[in-house]
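Working notes, structure below.
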Amino acid sequence: MNRSMQKRVYIETYGCQMNEHDSEQILRLLQRSNYLETEDAQEADLILVNTCSVREKPEQKVYSALGRFKGLKEERGTIIGVAGCVAQQEGQRLLARIPYLDMVIGTHAIALIPQMLERVEVIGEKVCETGFDTEGKHLDAFLPQGQVSVVKSYVTIMQGCNHFCSYCIVPYVRGRERSRPSQEIVDEVSHLAQRGVKEICLLGQNVNSYGKGLKEEIRFPELLSRLDEIEGVERIRFTTSHPKDLSEELIQAHGGLKKLCEHIHLPFQSGSNGILKAMNRGYTRESYLEKIDRLREVCPSIAITSDVIAGFPGEQEKDFEETLDLMEKVRFDDLFSFKYSPRKGTRAAEISDQVEEQMKQERLALLQKIQKEITLQKNQALEGCIEEVLVEGYSKQTEQDVTGRTRTHKTVNFEGDLESTGKIVPVRIVKAYPHSLRGEILTD
Ligand code: SAH
Ligand code: SF4
Ligand code: F3S
């Protein structure tokens, strides 16, 4: 390869795991067009910002990120593109609003990036692709190639969402549900395992719907059993699961499949039946709590994490108290909490009874305070226990420490060397912190 021809791409990613995974795919695709990744935007020939529009805050980050790159465009003629959910949502409007922008890459347009880039580089055109690929062709455009991380990897099993929770923009920016054929997923996972990947995280906005609309008769639990048999894979996770569609079969899988980790992320959003109804979630607090009980019966060590929204329109003090009550009943291992953020085009944004900003803020702060204590107590309960840790590499803090995760998805830092990367090692937990655990490797 002619090195002088080699170009550099800098990519900044916001939002969820789908976006992180999309950014990995984009990089792999660009490598084939002679681009190498750089962590320094200053030396890049191409800058991409992969965006999220789920709440106002992540959306605003996009505009400030782009502002930082304006100077580079003027000095070096760097090509600048926006991908992801804001790109999908705003389309041409982004090109009009940001004159130094060259490319708008919608959520279904990743496979088109090389052609789009060519149009920008050769013809100097500004390009925007936001069509929805309803055939699902782009799903198979990226069978894994080239280098992959040795430890863990995401695998998309489905895209889009049909749920239309009343607050959520995702179905509008990611389109309708489409599942990937199971053989394609099995092949991808086998391929990753052959390359030494130990942990697979299956991705979808609602993995429980996997299989609907496919020609073959297959559902998510069956896909899990097929993947569980693949040699070399040590751990399987998935995200995200919707409580409404969490089937008894999937609950049973947590008791039966040896590689499926003891962790589930099951967003509850609110503890009030009235608010759940207004959110169009399709379950009640009672049925949610029943499912939690079943999960714990089948798999007593399972860690449960969740998402919650504070200040959904119409949320009264008593609704909020029910949310706190549900949190106390379940005692989640961890909880991601968000202030409700109205999204244009969603039903909840039209409700007149919006909760005041200050109230939302107070409720969020209280949720977070309570959860912080629960998380710490859950972590403290592990002190003295021995956990299997899959080592991922050096910890961010110091190079004396390596870091990894337990099967329950908790981060453990301990003294060790890089040679253990990719191995599952026994570690005794010596100290619990709110966001991580400190351990000591057992050597014999
Ligand atoms: N598909 C996943 C969630 C994707 S969005 C699921 O259904 O579980 C991730 C989280 O963002 C949601 O669970 C919700 O808690 C939060 N969220 C989505 N839209 C929001 C909004 N308009 N305001 C505040 N939080 C929101
Ligand atoms: Fe959004 Fe609801 Fe779909 Fe999750 S299930 S992506 S919250 S619409
Ligand atoms: Fe954000 Fe899009 Fe994910 S809106 S949460 S990046 S699907």
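Translational D (Stokes-Einstein, µm²/s) of segment 3-129 at 25 °C and 0.890 mPa s when Rh comes from the Kirkwood sum over C-alpha pairs?
Working: Rh = 14.3 Å.
Here the translational diffusion coefficient equals 171 µm²/s.
By the count of neighbouring beta-carbon atoms within 10 Å, fewest first, Arg428, Arg176, Arg235 end up ordered Arg176, Arg428, Arg235. Each residue of segment 137-380 gets 135 Å³ once the volume of the Cα convex hull is shared out per residue.
Overall size of segment 386-441 from C-alpha positions, given as principal axis extents largest first: 25, 21, 16 Å.
In this rough spin-label picture, where each label sits 7 Å from Cα along the Cβ direction, the Lys431-Leu214 distance is 4.7 nm. Put in line by how crowded their Cβ is, counting other Cβ atoms within 10 Å and starting with the fewest, Arg178, Arg8, Arg68 read Arg68, Arg8, Arg178.
So, counting K/R as plus one and D/E as minus one, what does the shell of residues with Cβ under 12 Å around Gln354 add up to? If you can, show how the numbers build up before the last one.
Working: positive: Lys339, Lys360; negative: Glu315, Glu350, Asp353, Glu356, Glu357.
That sum, taken over residues with Cβ under 12 Å, equals -3.
The order of His242, His191, going from fewest to most other C-beta atoms within 10 Å of their C-beta, is His191, His242. Measuring nothing but alpha carbons in the chain and taking Rh as the Kirkwood radius, the Rg to Rh ratio lands at 0.96.
Annotation: peptides 179-186, 309-316, ranked by per-residue average of other Cβ atoms within 10 Å with the highest first, follow the order 309-316, 179-186. Each part reduced to its alpha carbon centroid, segment 241-286 and segment 146-199 end up 19 Å apart. The calculated pair-distance distribution of segment 166-290 uses every alpha carbon pair, bins of 10 angstrom beginning at 0, and gives 12, 39, 33, 14, 2 percent. Distance check, please: which entries in Lys152/Lys423; Lys339/Lys369; Lys318/Lys360; Lys73/Lys344; Lys70/Lys126 exceed 20 angstrom between their Cα atoms? Result: Lys73/Lys344 exceed 20 Å. Please grab the % of Cα pairs in segment 233-294 that end up more than 16 Å from each other. More than 16 Å apart: 48 percent of the Cα pairs in segment 233-294.
Could you sort the peptides 273-283, 32-42, 215-225 by per-residue average Cβ neighbour count (10 Å cutoff), highest mean leading?
Details: 273-283: 18.4, 32-42: 13.5, 215-225: 16.5.
Highest-to-lowest ranking by the protection proxy: 273-283, 215-225, 32-42.
Once backbone amide H atoms are built at 1.01 Å from N, Leu437 has Thr411, Val412, Asn413 as its partners under 5 Å, excluding neighbours fewer than 5 places away on the same chain.
Bear in mind these aren't lab numbers, they're just calculated from the coordinates by the rules spelled out. Just so it is clear, the model here is predicted, and its values are computed rather than measured. Because the Cβ atoms are built from the backbone with ideal geometry, glycine has one as well, and the counts that use them run over all protein chains shown.
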